[in-house]
Amino acid sequence: MKLIITLIATLFIGTTYYNVSTDTSISIDRIPASTRTPQQLHKQTCSYKSADIGQVVGHGADIHKARSSASKICFEKRIDLFERTRNAFPTTAQGQLIIDSCVNIKCN
């Protein structure tokens, strides 16, 4: 019984100490996505050129989102090219190769 009371007291004191010692007055200069203008949403651009699909340009709020957008466009273009040239949808292994080639792009 004493052990349970000691554990509860320790938990209560630790929680109280943690809540008092954390600074919640820190302001973050972040604009919520719902209030952003189109100019703020597309601040960064990721451009990539490939011999088979040509120029791919992705836009986003930061470079990571722009690169993600470019990767999605690259994937869609390569799938369309595959379907046009072979009149078939790629197998799982071929699709994985296409995904790998589009995920590993380098922005200019």
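Bear in mind these aren't lab numbers, they're just calculated from the coordinates by the rules spelled out. Note that the coordinates shown come from a computational prediction; the quantities given were computed from them, not determined experimentally. Neighbour counts run over all protein chains shown; Cβ positions are idealised from the backbone, glycine included.
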The Cα radius of gyration of segment 36-108, divided by 2.2 N^0.38 Å with N its residue count, comes to 1.20
If contacts are Cα pairs under 8 angstrom and at least 6 residues apart, what is the relative contact order of segment 36-108 in percent? 27
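Just to be sure I follow the rule: in segment 36-108, considering lysines 8 or more places apart or on different chains, how many pairs have Cα atoms under 16 Å apart? Let's see the in-between values first.
Details: Lys43/Lys65; Lys49/Lys72; Lys49/Lys77; Lys49/Lys106; Lys65/Lys106; Lys72/Lys106.
For segment 36-108, the number of qualifying lysine pairs is 6.
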Backbone N within segment 86-108 under 17 Å of label point (7 Å from Gln44 Cα along the Cβ vector): 103-108
Note, ³J(HN,Hα) from phi for segment 75-85, Karplus 6.51, -1.76, 1.60, rounded to Hz, x at Gly and Pro: 4, 4, 5, 6, 5, 4, 4, 4, 5, 5, 7
